[in-house]
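Student: Sharing a structure here in structure tokens format.
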Amino acid sequence: MKDSELRASGPPDTFDNTMLANYLCPRQLYFFLRRIEPEVKLAYFTFGRAFGQGINQWHETQDSMMSQEEREFLSQEEATRIWQKENPREKNNDNFNNLTHMISSYCSLYSQPEAWKMISAEVGFRLPIPETEIYYAGSLDAYIEWPGYGLLLREDKTTASYITESFITQWSHASQVTGYIWALEQTLGEMPFGALMNIASKRPRKDEILRFSRNLETRSKDQIDRFMTETISITDSIRGQWNKNSWFWPKLGERNPMMCAGGIGRSPCTYRNICILDTEPWELDGHEYSLHGLVENPHPWEPWEREGKDD
């Protein structure tokens with residue numbers, strides 16, 4: 001999308017956690033809204049999707065008459081389908097062999113019937129925020145029925161690092177999880193118990209059990225209310241970019257250089273090489289200039305439209 005097209009399209013009326021998180025650096029959100037992305041598929045995105053869809057197959061067939069071998073075969077087949085379709089450039093532990101090994105280990109570790117049952121996977125949502133004209137949206141990895149807890153989210157996370165206490169603790173502060181719990185509350189009409197965080201590490205370990213972890217995340221009514229108040233405030237700021245006298249998206253990420261260059265456990269910003277140009281990107285509209293390995297995706301950002309398989 002060209003800059004002129006972004007301006008003409010007007011402010012968005014639908015927001016998800018990815019958009020709101022990108023606004024921590026307005027310049028980053030600007031490039032994101034223009035749908036500028038890497039020309040070559042990033043392996044860690046594909047890895048996460050393929051792993052999640054693979055284990056969905058495992059859980060969806062729990063009550064079938066299939067053997068464990070047959071269930072694992074379907075899991076591997078689905079993960080392979082996604083990997084081959086996207087054909088990402090392998091990097092470090094984000095590789096096909098590690099993916100299939102992790103799924104095999106997961107199926108072995110969680111071979112016994114779960115206490116919960118899968119209800120649906122890859123559930124997109126777009127819900128109106130009360131007393132506003134905007135929507136909050138997203139796509140749940142799955143939601144499950146767990147006797148004694150009721151309906152919960154299941155959120156799958158893969159990490160390139162070891163599973164540490166700090167990695168697990170971060171989900172108590174994750175706006176993504178809070179937003180998903182809010183969405184389920186809006187749908188059910190009552191507060192759900194929370195979310196089952198289903199975590200897997202891509203880093204090999206002598207003891208395979210250490211590559212996996214699960215914990216339950218809950219939110220209080222006050223936490224949910226505060227989340228939505230802050231969400232509305234951020235969306236107001238984003239939409240306000242179209243109402244200003246000047247069209248300007250500042251590089252606030254440079255106040256914390258790790259957002260630009262990356263650091264421990266953090267990748268460099270996707271837009272780093274085009275962000276450092278001396279000329280503002282909106283001043284280059286209509287001119288030929290290098291996107292440094294990035295391309296303009298013609299499709300809108302609407303992951304909440306997904307339903308079922310990640311096609």
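Student: What does the charge add up to near W247, with Lys and Arg as +1, Asp and Glu as -1, over the other residues with Cβ less than 11 Å from its Cβ?
Tutor: Around W247, the surrounding residues sum to -2.
Student: Using only Cα atoms, tell me the angle between helix 96-109 and the longest principal axis of the chain; keep it within 0 to 90° and round to the nearest 10.
Tutor: Here the helix axis deviates by roughly 40 degrees.
Student: With +1 on each Lys and Arg Cβ and -1 on each Asp and Glu Cβ, and nothing else charged, work out how big the dipole of segment 120-265 is about its Cα centre, in Debye to the nearest 20.
Tutor: 660 debye
Student: Along segment 43-55, what does the Karplus equation 6.51 cos²θ - 1.76 cosθ + 1.60 (θ = phi - 60°) give for ³J(HN,Hα), rounded to whole Hz, x for Gly and Pro?
Tutor: Ordered by residue, 3J(HN,Hα) equals 5, 6, 5, 5, 4, x, 5, 5, 5, x, 5, x, 6 Hz.
Student: At M258 and E296, where each label point lies 7 Å from the Cα along Cα→Cβ, what is the point-to-point distance in nanometres?
Tutor: 3.5 nm
Student: Got a sec to turn the phi values of segment 241-248 into Karplus ³J(HN,Hα) couplings, 6.51 cos²θ - 1.76 cosθ + 1.60 with θ = phi - 60°, whole Hz, x for Gly and Pro?
Tutor: Coupling constants for segment 241-248: 4, 7, 9, 7, 5, 10, 8, 8 Hz.
Student: Work through the residues other than P130 whose Cβ is under 14 Å from its Cβ and net out their charges, Lys, Arg +1 and Asp, Glu -1.
Tutor: Net local charge, P130 excluded: -4.
Student: Which residue fluctuates the most in the chain, going by a Gaussian network model with Cα springs under 10 Å, if the choices are Y110, Y44, Y136?
Tutor: Of Y110, Y44, Y136, the Gaussian network model singles out Y110 as fluctuating most.
Student: With everything on Cα atoms, drop me the angle between helix 175-188 and the longest principal axis of the chain, reported from 0 to 90° to the nearest 10.
Tutor: 70 degrees
Student: Give me the net charge for the shell around Q84: Cβ to Cβ below 12 angstrom, other residues only, Lys and Arg +1, Asp and Glu -1.
Tutor: Within the 12 Å Cβ shell, the charges total 0.
Student: Quick check on segment 173-311: take the gyration tensor over C-alpha atoms, sort the square-rooted eigenvalues as a ≥ b ≥ c, and tell me if it's rounded (a/c under 1.5), prolate or oblate.
Tutor: oblate
Since every read-out is calculated from the coordinates, none of them should be taken as a lab result. Remember, it's a predicted structure, so these values are computed and weren't measured experimentally. Glycine also receives a Cβ, built like all others from the backbone with ideal geometry; neighbour counts cover every protein chain displayed.
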